[in-house]
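Every number here is computed from the coordinates shown, using simple stated rules; none is lab data. Everything numeric here is computed off the predicted structure, so don't read it as measured data. Note: ideal-geometry Cβ built from the backbone for every residue, glycine included; neighbour counts use all protein chains shown.
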Amino acid sequence: MTANVPRTLQWVGEIPGTLRMIDQTKLPAEFVEIDLTAVEQVWEAIKMLRVRGAPAIGVAAAYGTVIGLQELDVAHRCRADLDNRLAEVVEYLASSRPTAVNLFWALERMSGLARAHPDAEPVALLALLLEEARAIEAEDQAMCMAMGQHGAELMPKGGSVLTHCNAGGLATAGAGTALSVLFAAHASGRNIHVYVDETRPLLQGARLTAWECHQRGVPATVICDSMAALVMREEKVDAVITGADRIAANGDAANKVGTYSIAVLAKAHGIPFYVAAPSSTFDMSLPSGDLIPIEERAREEIASAMGHQTVPDGVDVWNPAFDVTPAELIRAIITERGVISPVSPETVAAIIG
């Protein structure tokens, strides 16, 4: 990230240390950083979207594991105590959100490191776990940069790109996934303009993506989600790019609800639809997106939008957080390892393995 752009999250100190993050629920009206010192605070921050975006959730979970263990006073505990606490912390953090695969990937990586060092004393193991969490963060930063480089050349010159939700630095430890591509295209002189879907019901596009574009000097226009078809019909959009929270082995991609609609619209208007996501977002155990678990969130997010009642009492609300875009609607998936195109089980396997 550039020097004048604040970091989404970071570890402060050593052990004991603190996980500091931007409280994204306050943006854009307020810029507030919060310091988390208890695993319950990390769980709440993930659940309540103070930190969100699959890669950032993974990094937060890795550091959250360290926080959960440092509460144990490991200098006065045996290794069995640490292993038992690690299992509890991992299970607890895994319950925060079900769809973002990076959460489970990061937690398994932390657990795997402990299994790989069965003879390490508690203090030494905790230090190794902090080192691993920092490695996960650094790797995410590098992946964001690589995705930007691979995807920038796919973006139009002097054209406009539509995006949905937030897949920028606020969703990662680096410059983002989809937005990393747009930022790299802007930096290379492609002179792009970004149309930002507001992204109901929590307005991650209007609140967060627009804020990031403004921070980096990238021209942007916020539109209501229902305007996407119109801007495409009027030929104001040359490409669409989004992030993803989980991608199946065949390339079906789960992302913020509304993404599937945009992909269908893009197909109908002959506009290329791209997804940008790191290799850690792929769940190769799932043959298709039909098996991706979809988180359902609270009624209040729709019925009391932005603090105002918007649905009559007694009326049902359905609030799935994600939908799945079939692979056949995706022109290419941009990863840190390269571009997957066309998108199929074979091409996914060739890049992801």
Expected vector for segment 75-80, Karplus 3J(HN,Hα) from phi with 6.51, -1.76, 1.60 and θ = phi - 60°, integer Hz, x for Gly and Pro, equals 5, 10, 10, 8, 5, 4
Enter the mean projected area of the convex hull around the alpha-carbon atoms of segment 220-353, in nm², rounded to one decimal. 9.6 nm²
In vacuo Debye scattering of segment 203-262, one point per C-alpha: log10 I(q)/I(0) at q = 0.13, 0.19, 0.20, 0.25 Å⁻¹? -0.43, -0.87, -0.95, -1.21
Taking the chain as a Gaussian network, where each spring joins two C-alpha atoms under 10 Å apart, which residue of ALA254, ALA38, ALA60 fluctuates the most? ALA38
What is the set of long-range amide H partners of GLY168 at a cut-off below 5 Å, with H atoms built 1.01 Å from backbone N? THR177, LEU179
Packing-ranked peptide list from 148-155, 244-251, highest mean Cβ count within 10 angstrom first, is 244-251, 148-155
With 10 angstrom as the radius, rank LEU49, LEU182 by how many other C-beta atoms surround their C-beta, starting from the fewest. LEU49, LEU182
Quick one: work out the % antiparallel among DSSP beta bridges in segment 148-352, nearest 5. 40 percent
Compute the long axis of helix 101-116 from its Cα atoms, compare it with the longest principal axis of the Cα atoms of the chain, and write down the angle in degrees, 0 to 90, nearest 10. 30 degrees
So how far, in whole Å, is the C-alpha centre of segment 82-106 from the one of segment 291-353? 21 Å
Counting alpha carbon pairs within less than 8 Å and at least 6 residues apart, what relative contact order, in whole percent, applies to segment 148-352? 21 percent
Taking the alpha-carbon centroid of each part, what is the distance from segment 133-201 to segment 223-277 in angstrom? 15 Å
Which values, in whole Å and largest first, are the semi-axes of the equivalent ellipsoid of the chain obtained as the square root of 5 times each eigenvalue of the Cα gyration tensor? 34, 22, 20
Net charge near ASP73, counting Lys/Arg +1 and Asp/Glu -1 over other residues with Cβ under 13 Å of its Cβ? 0
Restricting the count to DSSP beta bridges whose residues both fall in the chain, what percent are antiparallel, rounded to a multiple of 5? 55 percent
For helix 122-152, what angle does its Cα long axis make with the longest principal axis of the chain, in degrees from 0 to 90 and rounded to 10? 10 degrees
Return a whole-number percent for the relative contact order of the chain, with Cα pairs under 8 Å and 6 or more residues apart as the contact set. 15 percent
Segments 95-104, 114-123 sorted - mean Cβ within 10 Å per residue, highest first: 95-104, 114-123
Which FRET efficiency value, to the nearest 0.05, do you get for GLU296 and ASN191 by plugging their Cβ-Cβ distance into 1/(1 + (r/R0)^6) with R0 = 51 Å? 0.80
Cα-based Rg of segment 17-138 per 2.2 N^0.38 Å, rounded to two decimals? 1.03
Distant-in-sequence amide H partners of THR221 (H built 1.01 Å from N, under 5 Å): VAL194, TYR195, VAL196
Segment 148-352, dipole about Cα centre (Lys/Arg Cβ +1, Asp/Glu Cβ -1), debye to the nearest 20: 640 debye
Mean Cα-pair separation over length for segment 233-293, i.e. relative contact order, pairs under 8 Å, 6 or more apart, %: 47 percent
Would you mind working out the magnitude of the charge dipole of segment 1-74 relative to its Cα centre, with +1 at each Lys and Arg C-beta and -1 at each Asp and Glu C-beta, to the nearest 20 Debye? 360 debye
Through the Karplus equation 6.51 cos²θ - 1.76 cosθ + 1.60, θ set to phi - 60°, convert the phi angles of segment 303-317 into ³J(HN,Hα) values in whole Hz; use x for Gly and Pro. 6, 10, 5, 6, x, 10, 5, 10, 10, x, 4, x, 9, 5, 10
Lys, Arg +1 and Asp, Glu -1 on Cβ, resulting dipole of the chain about Cα centre, debye, nearest 20: 920 debye
